[in-house]
Amino acid sequence: MLIRFFCLTLCSSLLFIGGCSLSKKEAQQADIHYVLGLSSLREQNPTMAMRELLQAVAIAPERADIHDALGQAYYLKKAYPEAEAQFLKAVELAPEDAQYENNLAALYLDLQRWDDAARHFLHAARNLFFATPEVAFTGAGFANFQKGNYVDAIRLYREALDHNPRYAQAFVYLGETYYAMDKTELAVAEYTRALEINPDYTEANYRLGLAYLKLRQPEKAEKSFRTVLRLAPDSDLARQSRDYLKLLP
C-alpha cells in the first residue's frame, strides 16, 4: 500500500462548526470522536478509527476533515470504494484544501488508476496553499513512471526537489526511474543522495544494493543489503536482501 503518499491531519480544529446547524455541544462531541479516530489511525488501528469517525461524521456531515480521515480508515481496511467515496466528499466540501485531493490521488495510485492519480496529484501540487507540494509532485511522478512515461516522471521528481531539496523519497524514485532506463550509474547517484539525507532509509539501501549488483560490484551490494537486514530485519526487503546475499560470491 502506498500509505507514504497520504497526508494525515494530526490535530483537529477544535469546536469546528459546519455552518450554523451544529450546537456547541454537538461540535464538541464530533471533535471528541474525530480526535479519538485520528489517534487510532496513528496507532494503525483502522477498525477503532472507523467506529469513532463514523460517529463523528453522523454528527457533523459537513466536515471535510472527518470524511478525509474516515477515507483513510477505510483505505487501511482495504475497503477502497468506501474510501474513494469519503475522499471525494472531502474534496467536494473543501476543494481549496489540497491535502484532501492529495489523499484521493494516493488512493488512485494504489488502485493503479494512473491517469486519475496523476491528474489529482498535480492539481494538489499546484495549489499554492499546500504545505508539502513535494509529496504530490512525487506521487504524480510515480504515476507517470508506472505508465512508462519516464521523461515526465523525472521532470516531476525534479519539480518535487525544487520545492524540497531534502525530500529523500523523490531521490529514491528518481533513482528507480534511471534504473529502469538502464542508466544505473545515475541511479546510484540518486540513491546515494537519498542516503546522505537519511542513512537509515531502508528502501534506498535496498535499491542501491540492486544497482550495485547490476554494475557487478558485489562488495558494495553486500554492504547495502546487510544494512537493510540491520535496519528492518523482519521486512519483505530484508527477505529479498537475504536472497540476493545468497547469490553473491
Just give me the residues in segment 95-111 being within 17 Å of Gln72 (Cα to Cα), out of contact with any helix residue (DSSP H, G or I) (no Cβ under 7 Å at 6 or more places or on another chain) and not in a helix (DSSP H, G or I), in sequence order.
-> none
Regarding Thr177, is this residue hydroxyl-bearing (Ser, Thr, Tyr), within 22 Å of Ala194 (Cβ to Cβ) and surrounded by fewer than 20 Cβ atoms within 10 Å (Cβ to Cβ)?
-> no
Take Val151 and decide whether it is assigned to a helix (DSSP H, G or I) and crowded, with 17+ Cβ neighbours inside 10 Å.
-> no
Name, by its number, the condition in (1) buried (at least 17 other Cβ atoms within 10 Å of the Cβ); (2) closer than 25 Å to Asn45 by Cα; (3) at pLDDT 95 or above; (4) of a type outside the set (Gly, Ala, Ser) that does not hold for Gln99.
-> (3)
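Does Gln169 meet the test of being modelled with pLDDT of 95 or more and surrounded by fewer than 17 Cβ atoms within 10 Å (Cβ to Cβ)?
no
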Number of positions in segment 132-148 that are closer than 21 Å to Arg113 by Cβ and surrounded by fewer than 20 Cβ atoms within 10 Å (Cβ to Cβ) = 3
With respect to Thr227, is the statement that it is within 18 Å of the chain's Cα centre (by Cα) and among the β-branched types (Val, Ile, Thr) true?
-> no
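Looking at Ala58, Ala83, Ala73, Ala90, can you tell me which residue is part of a helix (DSSP H, G or I), farther than 20 Å from Ala117 by Cα and at pLDDT 95 or above? Talk me through it step by step, then tell me what you get.
Numbers: Ala83 fails: farther than 20 Å from Ala117 by Cα; Ala73 fails: farther than 20 Å from Ala117 by Cα; Ala90 fails: farther than 20 Å from Ala117 by Cα.
Sole residue among the options that is part of a helix (DSSP H, G or I), farther than 20 Å from Ala117 by Cα and at pLDDT 95 or above: Ala58.
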Subset of segment 183-204, residues among the basic types (Lys, Arg) and part of a helix (DSSP H, G or I), comes to Arg193
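For (1) within 21 Å of Ala106 (Cα to Cα); (2) among the hydroxyl-bearing types (Ser, Thr, Tyr), each residue gets a yes or a no:
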position: Arg158; (1), (2): yes, no
position: Glu176; (1), (2): yes, no
position: Ala187; (1), (2): no, no
position: Thr192; (1), (2): no, yes
position: Pro218; (1), (2): no, no
position: Ala238; (1), (2): no, no
Conditions: (1) over 18 Å from the mean Cα position of the chain (by Cα); (2) touching a residue at least 60 places away in the same chain (Cβ under 8 Å). Glu62 meets all but one. Number of the miss?
-> (2)
Test Tyr157 against the stated conditions and say whether it is touching an Asp or Glu at 6+ places or on another chain (Cβ under 6 Å) and either under 29 Å from Asp200 (Cα atoms) or part of a helix (DSSP H, G or I) (or both).
-> no
Take segment 212-227 and flag every residue that is over 12 Å from Leu245 (Cβ atoms) and in contact (Cβ under 8 Å) with a residue 24 or more places away in the chain.
-> Tyr212, Lys214, Leu215
Among the residues of segment 193-202, is there at least one that is within 18 Å of the chain's Cα centre (by Cα), closer than 24 Å to Ala117 by Cα and without any contact (Cβ under 8 Å) to a residue 60 or more places away in the chain?
-> no
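The values are calculated or read from the model by the stated rules, or taken from the named source; none is laboratory data. Just so we're clear, the structure is a prediction, and the values are computed from it rather than from any experiment. Virtual Cβ from ideal backbone geometry, glycine too; neighbours counted across all protein chains shown.
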